[in-house]
Amino acid sequence: MARITLEDLDGLGEEAAAAGGGEDGGGGEEEEEGEEEEEERGRLFAHWEAVASTHRVSLPRDMAGPIVQMTRHSQAREPVPYVSLSQREKCEEAAYEERWYPAGKWACVTKGEPMYEQSISMSFMKLMRYICKENSVGCYLGMTVPVLNEIHLTKEGTELEREVVTAYYLPGEFQQNPPVPMDPEIHITERAPLWVITRVFYGMTTEETILREISLFWELLGSTDTVLRETYIVAAYENPSIPQRRNEIWFICRAE
């Protein structure tokens, strides 16, 4: 199935900017630029539609605008603030890292679709609309990374519960006064400080890959009662369409 990379999206965004640049040379040029912009909009939508199909999700036409905006701002990403407490190495490579994330405001969506990929895709489409314009200030808010997906294991520990909470950290300038979402399914939440142990992995995130990464992390970490066993977080740093994108599994430490 067709996939696009972050580089493809960046390139498409640069082409769109180049097409839209230049001096106003009259009505003919304006009309030509309008046609080129519409063509670019259609091309981007077709790429994202192909990506959505790999997650068994249909892409609504009203996502065309947010897709263009996210593409044009793809290089500007604000990291979620944290403090690194310690790092453990294995074979001279970072095995996992202990971090502390301060309290902050997040925009959250909860979905319980049949597949994990469907839940996170549908939630992020809602968050994209909120980030791009569907908010009380009516402007692009800015992208932050990572986007968090909070998951829960069944009692047997062999499957994921259907319900997934997808969370977007509000950029620093909006932390004190978050723009109100127009979508009632998006909730602004003040999340408490979070103490986590994180491990990087690469590739697509499915229920199968997540369960495998959790198991591998437990093998690496060994027996411990300092972290939760039912709730985990999958942190996504890159575009969902990148085959070898960077992700992290977060083990949540118990409050002392």
Under 8 Å between Cβ atoms, at least 6 apart or on separate chains: pull out the pairs that start in region 227-256 with a residue that is over 14 Å from Glu98 (Cα atoms) and assigned to a strand (DSSP E or B) and end on any residue that is among the acidic types (Asp, Glu) and open to solvent by less than 10 Å² (accessible area, probe 1.4 Å).
Val234/Glu248; Ala235/Glu248
Can you tell me which residues in region 62-84 are of a type in the set (Ser, Thr, Tyr) and touching a residue at least 60 places away in the same chain (Cβ under 8 Å)?
Thr71, Ser74
Kindly indicate the residue of region 210-251 that is of a type in the set (Asp, Glu) and within 16 Å of the chain's Cα centre (by Cα) and also surrounded by the fewest Cβ atoms within 10 Å (Cβ to Cβ) among those meeting that condition.
Glu238
Give me the pairs: first residue in region 189-203 and closer than 11 Å to Glu98 by Cβ, second residue assigned to a loop (DSSP other than H, G, I, E, B), beta-carbon distance under 8 Å, and six or more apart or on different chains, which are they?
Trp195/Ala255
Within region 216-256, residues being out of contact with any Leu (no Cβ under 7 Å at 6 or more places or on another chain) and of a type in the set (Val, Ile, Thr) number 6
Residues that are more than 17 Å from Glu213 (Cβ to Cβ), modelled with pLDDT of 95 or more and open to solvent by less than 10 Å² (accessible area, probe 1.4 Å): does region 146-162 have at least one?
no
I'd like to check which strands (runs of 3 or more DSSP E) are fully inside region 44-142 and have at least 1 residues that are among the β-branched types (Val, Ile, Thr), modelled with pLDDT of 95 or more and open to solvent by less than 30 Å² (accessible area, probe 1.4 Å).
104-111
Residue tally, condition touching a strand residue (DSSP E or B) at 6+ places or on another chain (Cβ under 7 Å), assigned to a helix (DSSP H, G or I) and β-branched (Val, Ile, Thr), over region 165-222:
2
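The values are calculated or read from the model by the stated rules, or taken from the named source; none is laboratory data. Source: prediction; values computed, not measured. Using ideal geometry, Cβ is built from the backbone for each residue, glycine included, and neighbour counts are taken over all protein chains shown. These area figures cover heavy atoms from the full protein model, side chains too; ligands, DNA and RNA do not enter into them. Shrake-Rupley method; radii C 1.70, N 1.55, O 1.52, S 1.80 Å.
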